[in-house]
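J.: I'd like to ask you about the structure that follows.
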Amino acid sequence: METEFTPLLSLLGGGLIGTSAVLLMATHGRIAGISGILSRMLPPSTKDQSLPQSLIFIIGLLLAAPIWIVFNGQAPLQTVSNNLPLLALAGVLVGFGSVLSNGCTSGHGVCGISRLSGRSIVATLTFMSTSFIAVLLLRHVFGS
Amino acid sequence: MANPAKVQNFLDLFGTWDPSLALVMGGAIAVTMPGFWLVTRRSKPFFNDVFHLPTRTDFDARLITGAAIFGVGWGLGGFCPGPAMTALPLAAEGTLIFVATMLTGMAASKYVLQQRDSRV
């Protein structure tokens, strides 16, 4: 299904994501990588003292949509597939893969590229490539 | 980005392509790159003793394999971890399932890595 091209809103949203990353670096000296922040809170536990900040950061993410609803009076536009087995599989792959490669779109894609990290640039090129292929297969080869 | 259809349309070059996501990425990096440079010139963060910056520069199989697996999941679901958490309160059935299995996948990956590290 088609979605409208939203250049200004997307640029603004990206800018806010960047602002969040810079703030976290300035205050706590941490990379705003969501997979890292989430996985640090999960078992098996590791010695890490950043648990309270992680929790507060995640609460912030969870509050964004409710705050949007308060100001706009309606939920943000969203189309989530109702193919639940597919989403279950996608979730496992996203979770397993991001922890294995130490980062996702935020940690590698935004923060890593901004630091000109070679590892993050390679990781981003890799997940961009496989995600293009996954959508190509999903939509054009197997059709959905 | 909390709308998986927009993410998948960005990745769908041969279909209903929507370039918006490139601008999200561009906007984020345009702020983060100069911002990181500026704040890491200080000797330490405001509420911490050190900057926790990754120091590795090698390309190992774990990095490539993990990123490849992550990309397949991102393409199939249209969600990555941050936007999935943002979309969670909207409580679409697919989002709830995705977040549950994503957290399970993260814990499983941590477990596997811990087992591997304890063997060497």
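The values are calculated or read from the model by the stated rules, or taken from the named source; none is laboratory data. Here the structure is a predicted model, which means the values were calculated and not measured. No Cβ is skipped: glycine too gets one built from the backbone with ideal geometry, and neighbour counts run over all protein chains shown. Areas reflect the complete protein model, heavy atoms only, side chains present, ligands, DNA and RNA absent. Shrake-Rupley method; radii C 1.70, N 1.55, O 1.52, S 1.80 Å.
J.: Could you please find all residues in region B:91-120 being of a type in the set (A, V, I, L, M, F, W, C) and more than 23 Å from A:Val110 (Cβ to Cβ)? Show your work before the answer.
T.: Initially, region B:91-120 is screened for residues of a type in the set (A, V, I, L, M, F, W, C), giving B:91-92, B:96-100, B:102-103, B:106-108, B:112-113, B:120.
Correct list: B:Ala91, B:Ala92, B:Leu96, B:Ile97, B:Ala100, B:Ala107, B:Ala108, B:Val112, B:Leu113, B:Val120.
J.: Condition check: hydroxyl-bearing (Ser, Thr, Tyr) and within 15 Å of the chain's Cα centre (by Cα). Does B:Thr86 satisfy that?
T.: yes
J.: Pull up region A:1-19, narrow it to residues that are part of a helix (DSSP H, G or I) and in contact (Cβ under 8 Å) with a residue 24 or more places away in the chain, then point me to the one that is nearest to A:Ala64 (Cα to Cα). So that I can check it myself, show each step before the final result.
T.: Within region A:1-19, the first condition is being part of a helix (DSSP H, G or I), and the residues that meet it are A:7-19.
Filter again for in contact (Cβ under 8 Å) with a residue 24 or more places away in the chain, leaving A:17-18.
Details: A:Ile17: 12, A:Gly18: 16 Å.
Ranking the candidates gives A:Ile17 first.
J.: Something else about it: Mind checking which residues of region A:54-69 are open to solvent by less than 60 Å² (accessible area, probe 1.4 Å) and either at the interface with another protein chain (Cβ under 9 Å from one of its Cβ atoms) or over 15 Å from B:Met106 (Cβ atoms) (or both)?
T.: Of everything in region A:54-69, those that are open to solvent by less than 60 Å² (accessible area, probe 1.4 Å) and either at the interface with another protein chain (Cβ under 9 Å from one of its Cβ atoms) or over 15 Å from B:Met106 (Cβ atoms) (or both) turn out to be A:Phe57, A:Ile58, A:Gly60, A:Leu61, A:Leu62, A:Ala64, A:Ala65, A:Pro66.
J.: Name the residues in region A:102-144 that are crowded, with 17+ Cβ neighbours inside 10 Å, without any contact (Cβ under 8 Å) to a residue 12 or more places away in the chain, outside any helix (DSSP H, G or I) and of a type outside the set (Ser, Thr, Tyr), would you?
T.: Within region A:102-144, A:Arg115 is the sole residue that qualifies.
J.: Do we find a residue being acidic (Asp, Glu) and modelled with pLDDT of 95 or more anywhere in region B:40-53?
T.: There is no residue in region B:40-53 that is acidic (Asp, Glu) and modelled with pLDDT of 95 or more.
J.: When you go through A:Ser98, A:Ser106, A:Ser144 one by one, which is the residue that is under 23 Å from B:Thr101 (Cβ atoms) and at pLDDT below 95?
T.: Only one candidate passes the filter, namely A:Ser144.
J.: Same structure again: Do any helices (runs of 4 or more DSSP H) entirely within region B:25-120 hold 1 or more residues that are acidic (Asp, Glu) and more than 7 Å from chain A (Cβ to nearest Cβ), and if so, which? Walk me through how you get there before you give the answer.
T.: Working: elements: B:61-77, B:81-87, B:93-119.
Filter on region B:25-120 gives B:93-119.
J.: Tell me the residue from B:Gly15, B:Gly35, B:Gly75, B:Gly82 that is surrounded by 17 or more Cβ atoms within 10 Å (Cβ to Cβ), without any contact (Cβ under 8 Å) to a residue 12 or more places away in the chain and within 29 Å of A:Pro76 (Cα to Cα), please. Talk me through it step by step, then tell me what you get.
T.: Values: B:Gly15 fails: surrounded by 17 or more Cβ atoms within 10 Å (Cβ to Cβ); B:Gly75 fails: without any contact (Cβ under 8 Å) to a residue 12 or more places away in the chain; B:Gly82 fails: without any contact (Cβ under 8 Å) to a residue 12 or more places away in the chain.
Result: B:Gly35 is the single residue among B:Gly15, B:Gly35, B:Gly75, B:Gly82 that is surrounded by 17 or more Cβ atoms within 10 Å (Cβ to Cβ), without any contact (Cβ under 8 Å) to a residue 12 or more places away in the chain and within 29 Å of A:Pro76 (Cα to Cα).
J.: Let me ask something else about it. Would you please name the residue that is farthest from the other protein chains (Cβ to nearest Cβ), looking only at residues in region A:22-53 that are open to solvent by 30 Å² or more (accessible area, probe 1.4 Å) and in contact (Cβ under 8 Å) with a residue 24 or more places away in the chain?
T.: Per the stated criteria, the residue is A:Gln53.
J.: Another question about this same structure. Which pairs have Cβ atoms under 7 Å, sit 6 or more apart or on different chains, and link a residue in region B:19-31 that is modelled with pLDDT of 95 or more to one that is among the aromatic types (Phe, Trp, Tyr) and in a loop (DSSP other than H, G, I, E, B)?
T.: B:Pro19/A:Phe5; B:Ser20/A:Phe5
J.: Still on this model: Among the numbered conditions (1) in contact with a helix residue (DSSP H, G or I) (Cβ under 8 Å, 6 or more places away or on another chain); (2) under 26 Å from B:Thr16 (Cα atoms), tell me where A:Asn102 comes up short.
T.: Going through (1) in contact with a helix residue (DSSP H, G or I) (Cβ under 8 Å, 6 or more places away or on another chain); (2) under 26 Å from B:Thr16 (Cα atoms) one by one, A:Asn102 breaks only (2).
J.: Is it the case that region B:41-64 has a residue that's under 25 Å from A:Leu138 (Cα atoms) and surrounded by fewer than 16 Cβ atoms within 10 Å (Cβ to Cβ)?
T.: No, region B:41-64 contains no residue that is under 25 Å from A:Leu138 (Cα atoms) and surrounded by fewer than 16 Cβ atoms within 10 Å (Cβ to Cβ).
J.: Among (1) of a type outside the set (Lys, Arg); (2) open to solvent by 40 Å² or more (accessible area, probe 1.4 Å); (3) within 7 Å of another protein chain (Cβ to nearest Cβ), which single condition is A:Leu86 missing?
T.: Going through (1) of a type outside the set (Lys, Arg); (2) open to solvent by 40 Å² or more (accessible area, probe 1.4 Å); (3) within 7 Å of another protein chain (Cβ to nearest Cβ) one by one, A:Leu86 breaks only (2).
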